[in-house]
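S.K.: Handing you a structure now.
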2 protein chains.
Amino acid sequence: MTAMTATYELFYWPGIPGRGEFPRLVLEAAGADYVDVARRPESEGGGIPALVALLEDTGQTPGFAVPMLRHGELVISQSANLCRYLGERHGLAPEDEAGRLHAMQLQLTVNDLADEAHDTHHPIASALYYEEQQDAARDRAAHFREARMPKYLGYFERVLEQNGGAHLVGDAVSYVDLSVFQVMRGLAYAFPERFATVSRETPGLLELADRVEALPKIAAYLASERRLDFNEMGVFRRYPELDGA
Amino acid sequence: MTAMTATYELFYWPGIPGRGEFPRLVLEAAGADYVDVARRPESEGGGIPALVALLEDTGQTPGFAVPMLRHGELVISQSANLCRYLGERHGLAPEDEAGRLHAMQLQLTVNDLADEAHDTHHPIASALYYEEQQDAARDRAAHFREARMPKYLGYFERVLEQNGGAHLVGDAVSYVDLSVFQVMRGLAYAFPERFATVSRETPGLLELADRVEALPKIAAYLASERRLDFNEMGVFRRYPELDGA
């Protein structure tokens, strides 16, 4: 590989935080030089056509979906893969092999949680509108609220406690802490009533999310226009009929 | 880390191939010395109590779910994480960083496909029986058959072609080839009619799966009692009402 001092180019849907927010938070926390390609105007090579062109590119191993990252000659996809790559390059991952394996394990579990949160509003097909699958969504959301959300948050709370309470893995901020921050904020957005109840049992995670939010680079990012608000096009959507204490 | 010559211990549900089969295939292809812990009798420390004990262990970063791998002092979870760890240690992964990142990218996409195949029979909740979510299952399975299965298989066919046709990544058998073999066999089991139609468009993948099946260590494994048949408890289940050409 060459050009490893090149600017990072992140490729993701321009209107939602979604799965692109996980690597974006790593880039921001690292203070890395990056371009959020699809948020540039189409006239400057941005917009959705830039995503389509990259997905159709035949230069090397293609990606199935965005987020994707281009870094010099390297082009990779899968958000957890991007987070690990960026985190390990920028001091946002443990240095030792066991720590790195545990970080990836936790990141993949964050992914699973995000997938399940997504499927509460799209239990039948991503290609259909929410309104076309609302009955199944009510059923899936009820199980998610009652069983899955407490199970996942309880798990991460336990991981945090066993690691000493300051970080989920290792002895410094990692991409996992950043991603869990995002999931905590996403769940609070999508399921405000249920999250208020469940998170009372996970005070360590609430504090962790606040600490991440207060990191100078993250605080500056969150106050900037680069941060995208949660909305009803993304992974975490607020549909009051899917919530409940 | 120490004891890196220790026997591998794989922890997974004893009655299904499921997500445990992905790392199990890597262990088998590597000819590695391993114990399939939960398939041993409870009287010898096996069975489901061994899984429960490991999931409740507080020694280091806990796992959210099996499959898990213990190797000396190291304990890790998430099947893709296990595959990468084992593949990179046993010559079943590319040697270069870009190849390793692409292998993980592909493995995570195999994971996504397996998750979606699972959710065709469990679109509402894993904790409910299939029979309790059969209407939603019909709808989700229809979308999976029509849109998702061809999209995923078409993607992997394209990846294979762009890599020269012999392997999905790198220039030798990797854990990704093993996992795609498993997914091809799983889809053929669960959706025989639809798979027959779709896989006509992916001749390279059909040949790849046959080549993997013929690898001496894999062939010996498949003929052994260690290989678990697909069944209606696992990820890939044959429910004729969910299939269709």
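S.K.: Suppose the chain between B:Glu241 and B:Ala142 were pulled fully straight at 0.36 nm per residue; how much longer would it get relative to their current alpha carbon spacing?
M.R.: 34.6 nm
S.K.: Could you compute the FRET efficiency for B:Ala220 and A:Ala214, with r as their C-beta to C-beta distance and R0 at 35 Å, rounded to 0.05?
M.R.: 0.05
S.K.: Then there's this: Kindly give the distances from B:Glu161 to its copy-mates, label point to label point, with each label point 7 Å from Cα along Cα→Cβ, as nm values to one decimal ordered shortest first.
M.R.: Between copies, matching label points for B:Glu161 lie 5.4 nm apart.
S.K.: On average, how much area does the Cα convex hull of the protein assembly as shown cover when viewed from any direction, in nm²?
M.R.: Averaging across all directions leaves 21.9 nm² for the Cα convex hull.
S.K.: Still on this structure: Copy-to-copy spacing for A:Gly45, label 7 Å out on the Cα-to-C-beta vector, in nm, shortest first?
M.R.: Output for A:Gly45: 5.8 nm, nearest copy listed first.
S.K.: Just need log10 I(q)/I(0) for the stretch B:5-130 at q = 0.21 Å⁻¹, Debye formula, equal scatterers on the alpha-carbon atoms, no solvent, rounded to two decimals.
M.R.: Reported log10 I(q)/I(0), two decimals: -1.31.
S.K.: Put the label 7 Å from Cα along Cα→Cβ for A:Gly31; what are its distances to the other copies, in nanometres, shortest first?
M.R.: 5.2
S.K.: Pick out which of A:Ala209, A:Ala220, A:Ala93 has the largest mean-square fluctuation in a Gaussian network model of chain A, springs linking Cα atoms closer than 10 Å.
M.R.: Highest fluctuation of the listed residues: A:Ala220.
S.K.: What percentages make up the Cα-Cα pair-distance distribution of the stretch B:83-239 when the bins are 10 Å wide from 0?
M.R.: Bin by bin from 0 Å, the calculated values are 11, 38, 34, 16, 2.
S.K.: Out of all DSSP beta bridges in the protein assembly as shown, what portion is antiparallel? Express it as a percent rounded to 5.
M.R.: 75
S.K.: Which helices, taking whole DSSP H runs in chain B, have alpha carbons extending 18 angstrom or more along the helix axis plus mean Kyte-Doolittle at least -1.0?
M.R.: Answer set is B:97-121, B:149-162, B:175-190.
Since every read-out is calculated from the coordinates, none of them should be taken as a lab result. Just so we're clear, the structure is a prediction, and the values are computed from it rather than from any experiment. Cβ sites come from the backbone with ideal geometry, for glycine too, and all protein chains shown count toward neighbours.
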